[in-house]
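Below is one structure; the comments refer to it alone.
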Ligand code: NDP
């Protein structure tokens, strides 16, 4: 039986692995199908302490992974199919390849996944002009018109990044006020290549085999119009990846895992949670990393006490 299994390989999971490995817990980290997590898909990370010039998201995550492995963490790329958690006893994890891992303690650090508009046309044209990752796909839209959906920091970041390639970027936001932080909003509002469609909801992505435009509806008047474009970048925030655990771990109304008394303990002894899957409020790389550290310390204490 493993002492500690960590599920997830973003900043929370990898920081937990660094701390747990240094505490001689010999952790096994199960990295899903996006090793390094969502940060590997962003461009520059400008707000992670210690990098005054910014750091590439992929590089940051690979460094965290190397650091965890240096101290003996084992990292396995495998998806979790199901879990059978218990309160203070053996934790059972079944993997996609059919194998089973048992552990005395588990840290859930599965992060969050992009939120989509939920349109049939959006689903049909994914990877044919519809994307949730400008860093991954932006370069395909050189000299083209693109639309970004959303009004938060993600949307501003995507829009600003896309100006490097696109002819023009239109941000479509459902309200008349941005949710984004002041600095990001100011940068986007001042950019000559970016314009805004306020109070508007995207109701359809147009095009049969690739994106040719989007249809937007004015939320006040109900009037619809078409914005021609070749790309749609959906940047509406994220949803916690907690579907696998919902019947066993307490979550809030939005699916975020509930933590006990400002610790990383879930409602089950021996099961801990860290990072965006348990944090609807901050959702930052640095707060996820800190949460991973806390979870490793809580797991270490739990394993020490349970001996
Ligand atoms: P947010 O939840 O902050 O923003 C989501 C945006 O999408 C909101 O403007 C919201 O509209 C809109 N939205 C959500 N659902 C729909 C829908 N169904 N239809 C239309 N619009 C919708 O998510 P972010 O990912 O932008 O940010 C999350 C956190 O990460 C924040 O704390 C942010 O500061 C941080 N972040 C920081 C970055 C940086 O510093 N470089 C980069 C990216 C994120 P409404 O405003 O009306 O709710």
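Any read-out appearing in this document is the output of simple, stated calculations on the displayed coordinates, not a laboratory observation. Keep in mind that this is a model prediction, so the values were computed, not measured. Please note: Cβ atoms are built from the backbone with ideal geometry, for glycine as well, and neighbour counts cover all protein chains shown.
Rounded to the nearest 0.05, what FRET efficiency do residue 281 and residue 143 have when you use their Cβ-Cβ distance and R0 = 45 Å? Don't skip to the end; give the middle numbers.
Working: r = 40 Å, r/R0 = 0.88.
Computed FRET efficiency for residue 281 and residue 143: 0.70.
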Where a label projected 7 Å from the Cα of residue 199 along Cα→Cβ would reach, residues of the stretch 141-184 with amide N under 16 Å: 172-178
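Taking 0.36 nm per intervening residue step and subtracting the Cα-Cα distance, what contour gain separates residue 212 from residue 267 on full extension?
Working: separation 55, 0.36 × 55 = 19.80 nm, distance 4.86 nm.
Extra length from residue 212 to residue 267 when fully extended: 14.9 nm.
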Relative contact order of the stretch 192-240, pairs being alpha-carbon contacts under 8 Å that are 6 or more residues apart, as %: 27 percent
With a 10 Å cut-off between alpha carbons and a GNM built on the chain, which of 144, 156, 64 moves the most? 144
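Just for the chain, what percent of DSSP beta bridges are antiparallel, to the closest 5? Kindly include the intermediate steps, with their values, before the conclusion.
Details: 26 of 57 bridges.
If I count the DSSP bridges inside the chain, around 45 percent turn out antiparallel.
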Specify the inter-centroid distance of the stretch 1-61 and the stretch 237-307, based on alpha-carbon positions, in whole Å. 15 Å
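Can you give the helix-only mean residue ellipticity at 222 nm for the chain, where every DSSP H stretch with n ≥ 4 adds -39500 (n - 2.57) and the sum goes over all residues, rounded to the nearest 500 deg cm²/dmol?
On the way: 7 runs with 76 residues, N = 307.
Helices in the chain give a 222 nm mean residue ellipticity of -7500 deg cm²/dmol.
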Give me the angle, in degrees from 0 to 90, between the Cα long axis of helix 11-22 and the longest principal axis of the Cα atoms of the chain, rounded to the nearest 10. 20 degrees
Which one of 288, 142, 166 has the biggest mean-square fluctuation once the chain is modelled by GNM with Cα springs under 10 Å? 142
Rounded tilt (10° steps) of 285-306 against the dominant C-alpha axis of the chain: 20 degrees
Note down the relative contact order for the stretch 1-100 as a percent, whole number, built from C-alpha pairs under 8 angstrom at least six residues apart. 27 percent
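Under the definition of Cα pairs under 8 Å and six or more residues apart, what whole-number percent is the relative contact order of the chain? Intermediate values should be presented prior to the final figure.
On the way: 737 pairs, mean separation 65.9, N = 307.
After rounding, I find 21 percent.
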Could you work out how far the C-alpha centroid of the stretch 138-188 sits from that of the stretch 74-98, in angstrom? 39 Å
The simple spin-label model distance between residue 94 and residue 116, using points 7 Å out along Cα→Cβ, in nm, is 2.6 nm
Acute angle (nearest 10 degrees) that the helix 153-162 long axis makes with the longest principal axis of the chain, alpha-carbon atoms: 60 degrees
Which FRET efficiency, nearest 0.05, do residue 248 and residue 24 yield, Cβ-Cβ r, R0 22 Å? 0.20
Max mean-square fluctuation residue, GNM over the chain, Cα-Cα springs under 10 Å, options 281, 115, 175: 281
